[in-house]
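These notes concern the structure reproduced below.
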Amino acid sequence: MNTATDISSPEKKLVSMALLVALGVILHRVEALLPLPTPWIKLGLANIMTLLALVFLGFKAAMIVTVMRVFLGSIIGGTFLGPTFFLSLAGGIAAAGFMAFVYRRGTGPFSLIGVSVIGAYAHIMSVLLCVYYLFIPQKAFLSLLPVFLCLALISGVLTGIAANILTSRLIRKQVSLV
């Protein structure tokens with residue numbers, strides 16, 4: 001009979017991904033309860049789980065965690081296939097892609113905080129472009145870009161700090177996700 005210690009690596013990776021998706025959905029839904037200036041701007045707390053997946057499980061797992069948490073979070077929140085779902089999906093995929101690209105380049109000048117900031121910028125830019133081209137095609141809307149970039153910087157730093165702390169603790173406690 002299998003015990004928790006007998007789990008093979010592929011099974012353990014799947015369980016780890018499921019846990020990261022579940023935690024990401026919880027953070028995604030908690031964010032929906034917070035009062036924010038616009039419906040398409042979020043703090044990005046769920047990206048903490050994407051960063052953990054990227055660090056411990058790789059790009060493919062990070063993308064799966066991102067897409068699954070957006071799908072499940074929107075189903076639970078009642079926004080599935082609505083405008084916020086598509087904005088969240090576009091932003092999440094852009095963020096995960098850019099974070100993976102920067103993270104794969106090695107530590108270089110970027111810590112997880114820098115990787116997170118890049119992800120926050122990618123997220124906000126993709127969402128703003130979608131909103132501009134699909135909903136509000138007014139040049140005046142683009143004048144809000146500096147405000148949104150400042151918010152992305154702040155949320156990216158906070159998310160990166162949280163991811164750094166969690167990553168450090170998991171490594172220090174020798175917790176293996178694979």
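The values are calculated or read from the model by the stated rules, or taken from the named source; none is laboratory data. Owing to the predicted nature of the structure, the values given are computational and were not obtained by experimental measurement. As a convention, Cβ positions derive from the backbone with ideal geometry for all residues, glycine included, and neighbour counts pool all protein chains shown.
Anything in the range 39-85 that is among the aromatic types (Phe, Trp, Tyr) and in contact with a Leu (Cβ under 6 Å, 6 or more places away or on another chain)? List them, or say none. Once the filter is applied, which keeps residues that are among the aromatic types (Phe, Trp, Tyr) and in contact with a Leu (Cβ under 6 Å, 6 or more places away or on another chain), the range 39-85 yields TRP40, PHE56.
Considering only residues that are without any contact (Cβ under 8 Å) to a residue 40 or more places away in the chain and outside any helix (DSSP H, G or I), look in the range 164-178 and name the one that is nearest to the chain's Cα centre (by Cα).
Let us first name the residues in the range 164-178 that are without any contact (Cβ under 8 Å) to a residue 40 or more places away in the chain, namely 165, 168-169, 171-175.
After this cut, where a residue has to be outside any helix (DSSP H, G or I) as well, the list is 173-175.
Values: LYS173: 24, GLN174: 24, VAL175: 21 Å.
Among residues in the range 164-178 that are without any contact (Cβ under 8 Å) to a residue 40 or more places away in the chain and outside any helix (DSSP H, G or I), the one nearest to the chain's Cα centre (by Cα) is VAL175.
ALA100 satisfies every condition listed in (1) farther than 29 Å from LYS12 by Cα; (2) at pLDDT 90 or above; (3) in contact with a Phe, Trp or Tyr (Cβ under 6 Å, 6 or more places away or on another chain) except (1).
Being surrounded by fewer than 16 Cβ atoms within 10 Å (Cβ to Cβ) and either closer than 16 Å to HIS28 by Cα or in contact with a Leu (Cβ under 9 Å, 6 or more places away or on another chain) (or both) holds for only one residue in SER88, SER176, SER116, SER111, and it is SER176. The residues on offer are MET49, MET63, MET68, and the sole one that is over 18 Å from ALA122 (Cβ atoms), in contact with a helix residue (DSSP H, G or I) (Cβ under 7 Å, 6 or more places away or on another chain) and modelled with pLDDT of 95 or more is MET68. Inclusion of TYR121 among residues that are over 21 Å from ALA32 (Cβ atoms), out of contact with any strand residue (DSSP E or B) (no Cβ under 8 Å at 6 or more places or on another chain) and exposed (fewer than 14 other Cβ atoms within 10 Å of the Cβ) is not warranted.
The residues on offer are ALA152, ALA120, ALA95, and the sole one that is within 18 Å of GLY44 (Cβ to Cβ), assigned to a helix (DSSP H, G or I) and in contact with a Phe, Trp or Tyr (Cβ under 6 Å, 6 or more places away or on another chain) is ALA152.
Of the residues VAL55, VAL21, the single one that is among the β-branched types (Val, Ile, Thr), part of a helix (DSSP H, G or I) and either modelled with pLDDT of 95 or more or in contact with a His (Cβ under 9 Å, 6 or more places away or on another chain) (or both) is VAL21. When residues in the range 33-52 are screened for being surrounded by 18 or more Cβ atoms within 10 Å (Cβ to Cβ) and in a helix (DSSP H, G or I), 6 of them pass.
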